[in-house]
Amino acid sequence: KIAIIVYTLYGHIGTLAESVKKGVESTGAECTIFQVPETLTEEILGKMGAPPKPDYPIMTAAKMEEFDGFLFGLSGRYGIMPAQTKSFMDSTGSLWMSGKLVGKAGGCFFSSGCQGGGQETMGLTTVTFFTHHGIVFVPLGYIDPKVMSNDEVHGASAYGSGTIAGGDGSRQPSTLEKDVGESHGKHFATIAAKLAK
């Protein structure tokens, strides 16, 4: 069982999460997309022009024990994960104290405004969460040659699949990015299944 845990403000991560889920499910694994709790008020979200949140259930720390692996969908904020995701991760202290996540699989995928917007730094700084919990980090690597494509501007790196939103958020995930997301989900679920045995 794989949990995809996202924070999606303008929908880019939600769209990519659906592709990642498709890849996970292609292996026969169960997969559910969750979202972390929002920390911004409705008033602030309105001023930011944020659309309504997707209809994903809210993840709680207690629910994490039920899953064999976790893929975090991260919307970049200044080259790091959003505060909402960090707040959720900070709520997992009791799981850390009891070692409940040790040996499970972990990975991440990203959205940033531009290619230099922090997709690799988000991956690198998420590894600290995995490390402290004893979660085995499963990167994308270069298992899909599309990650190295220079045919178009796109997200993704060895750390995980990704999308470029554009500075104003108007660019949506491309076919190439969604394809890499699907490859990422399939690869992750394959490794997670080996760890779960």
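Some points to look at:
- Identity of the residue in region 160-193, over 24 Å from Asp68 (Cα atoms) and touching a Cys at 6+ places or on another chain (Cβ under 8 Å), that ends up surrounded by the fewest Cβ atoms within 10 Å (Cβ to Cβ): Gly167
- Going through (1) touching a residue at least 40 places away in the same chain (Cβ under 8 Å); (2) open to solvent by 50 Å² or more (accessible area, probe 1.4 Å) one by one, Val36 falls short only on (2).
- Check on Ile164, touching a Ser or Thr at 6+ places or on another chain (Cβ under 7 Å) and farther than 21 Å from Ile2 by Cα: yes
- Qualifying residue in region 150-159 (condition: in a loop (DSSP other than H, G, I, E, B) and open to solvent by less than 10 Å² (accessible area, probe 1.4 Å)): yes
- Some residue of region 109-121 being among the charged types (D, E, K, R), in a helix (DSSP H, G or I) and either open to solvent by less than 30 Å² (accessible area, probe 1.4 Å) or in contact with a strand residue (DSSP E or B) (Cβ under 9 Å, 6 or more places away or on another chain) (or both): yes
- Of all residues in region 26-62, those being closer than 14 Å to Tyr7 by Cα, among the hydrophobic types (A, V, I, L, M, F, W, C) and assigned to a loop (DSSP other than H, G, I, E, B) number 4.
The values are calculated or read from the model by the stated rules, or taken from the named source; none is laboratory data. Given the structure is predicted, the values throughout are model-derived calculations rather than measurements. FYI the Cβ positions are ideal-geometry reconstructions off the backbone, even for glycines, and counts take in every protein chain you see. Note: areas computed on protein heavy atoms with side chains; ligands, DNA, RNA excluded. Shrake-Rupley method; radii C 1.70, N 1.55, O 1.52, S 1.80 Å.
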